[in-house]
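What follows is calculated from the coordinates using simple rules that are stated; it is not laboratory data. Bear in mind that the values here come from a model prediction, so they are computed numbers and not experimental data. Every residue, glycine among them, receives a Cβ derived from its backbone with ideal geometry; neighbour counts consider all protein chains shown.
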Amino acid sequence: MLLSFYIKQLAEVKVVYLRKENLKLSYKFLLFDLDHTLLDFDAAEDVALTQLLKEEGVTDIQAYKDYYVPMNKALWKDLEQKKISKQELVNTRFSRLFAHFRQEKDGSFLAQRYQFYLAQQGQTLSGAHELLDSLIERDYELYAATNGITAIQTGRLAQSGLAPYFNQIFISEQLQTQKPDALFYEKIGQQITGFSKEKALMIGDSLTADIQGGNNAGIDTIWYNPHHLENHTQAQPTYEVHSYQDLLDCLDKL
């Protein structure tokens, strides 16, 4: 009985090892979110807002920022949940901002000015270039998969120097669908040679967009969670990492 028990244990260990070896070869296509994952959106937004508000003659710039930032985040959440359209988000967020301070402004015009300033911002999170260098060395194919406005995201990627790392850049405005819709990933898959869901991995910081999107599409995910946030959503990440080094270690162990 004892001998058969040890034989069984050895057999199980061998199976686990073989599974890990297979998994190491399984992921080929890494789909990267951009904002808060590779690009420093907070820094970019702060600079662009400052430029816009100064242009509009605002003196208490911080008060306007304090109102705008959470409002904008809420609008993007509404967009994810299809409560509003992209056009409504873009054209009304600045008119709402100034209306809060009892000023009437042309939201569409301000949106254009803001997009101009934001598209010039290329701030990256510390270590982003080194991370992508390491992944290229490991023979992964890298793709950007971002919700956003085409002119802004392409401009920021160009300014950041990250664009050359990606085989292709997929932006929700161009795809006419956004994360977390499964259709977003289906359209991406149609444009990548040899793509299969089993070989793809979605990497991002947003549970409701990146991770839920991967869940909806049947694609494994890595939740990039540098602030050690708790998951209070229905989204279920396949893996969770807290730093770029964690991400590399995770991939190396698979």
Legend entry - In Å, descending, principal axis extents of the Cα set of the chain: 83, 35, 32
Inset, instruction - Find how much the distance from ASP78 to ARG138 grows on full extension, using 0.36 nm per residue of separation minus their present alpha carbon separation; answer in nm with one decimal. - result: 17.8 nm
Inset, instruction - For LYS54, put the label point 7 Å out on the Cα→Cβ axis and report which residues of region 96-138 keep their amide N under 18 Å from it. - result: 113-123
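Count charges around GLU186 for me, please; just the other residues with Cβ under 14 Å from its Cβ, Lys/Arg as +1, Asp/Glu as -1. Each step should come with its number before you reach the end.
Numbers: positive: LYS179, LYS187, LYS197; negative: ASP181.
Summing Lys/Arg as +1 and Asp/Glu as -1 gives +2.
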Legend entry - Pairs beyond 31 Å (Cα-Cα), from LYS86/LYS253; LYS54/LYS86; LYS83/LYS105: LYS86/LYS253
Legend entry - Pairwise FRET efficiency - ALA151 versus ASP42, Cβ, R0 = 30 Å, nearest 0.05: 0.90
Inset, instruction - Treat each spin label as a single point 7 Å out from the Cα along the C-beta direction, and report the THR233 to GLN112 distance in nm. - result: 3.4 nm
Inset, instruction - Order the peptides 220-233, 111-124, 199-212 from the highest to the lowest mean number of other Cβ atoms within 10 Å of their residues. - result: 199-212, 111-124, 220-233
Inset, instruction - Loop only per DSSP, at most 12 neighbouring Cβ atoms within 10 Å: give me the GluC sites (Glu not before Pro) in region 44-126, ordered by residue number. - result: GLU104
Legend entry - Whole-number D in µm² s⁻¹ for region 166-213, Kirkwood Cα-pair radius fed into Stokes-Einstein, 4 °C, 1.567 mPa s: 115 µm²/s
Inset, instruction - Would you list, by chain and number, the aspartates and glutamates whose Cα falls below 19 Å from the Cα of LYS187, excluding same-chain residues fewer than 8 positions away? - result: ASP33, GLU80, GLU141, GLU173, GLU198, ASP210, ASP220
Inset, instruction - Find how many whole Å separate the alpha carbon centroid of region 219-238 from the alpha carbon centroid of region 114-190. - result: 20 Å
Inset, instruction - Work out how far the C-alpha atoms of region 144-235 reach from end to end along every principal axis, then list the three figures in whole Å, largest first. - result: 34, 31, 22
Inset, instruction - Largest first and in whole Å, give the semi-axes of region 42-118's equivalent ellipsoid, each being the square root of 5 times a Cα gyration tensor eigenvalue. - result: 19, 13, 12
Legend entry - Calculated FRET value between ASP66 and LYS105, using beta carbons and R₀ = 22 Å, to 0.05: 0.80
Legend entry - Dipole in debye (nearest 20) - region 42-118, about Cα centre, beta carbon charges: Lys, Arg +1; Asp, Glu -1: 260 debye
Legend entry - Cβ-derived FRET efficiency at R0 25 Å, ASN216 paired with GLN176, nearest 0.05: 0.90
Inset, instruction - Taking 7 Å along the Cα-to-C-beta vector as the label spot, tell me the LEU89-CYS250 distance in nanometres, rounded to one decimal. - result: 2.3 nm
Inset, instruction - Would you calculate, for the chain, the mean residue ellipticity at 222 nm contributed by helices, counting each DSSP H stretch of 4 or more residues as -39,500 (n - 2.57) and dividing by all residues, to the nearest 500? - result: -16500 deg cm²/dmol
Inset, instruction - Can you tell me the 0 to 90 degree angle between the C-alpha axis of helix 244-253 and the longest principal axis of the chain, rounded to 10? - result: 30 degrees
Legend entry - Dipole-positive endmost among ALA163, GLN176, TYR224 within the chain (Cβ charges, Cα centre): GLN176
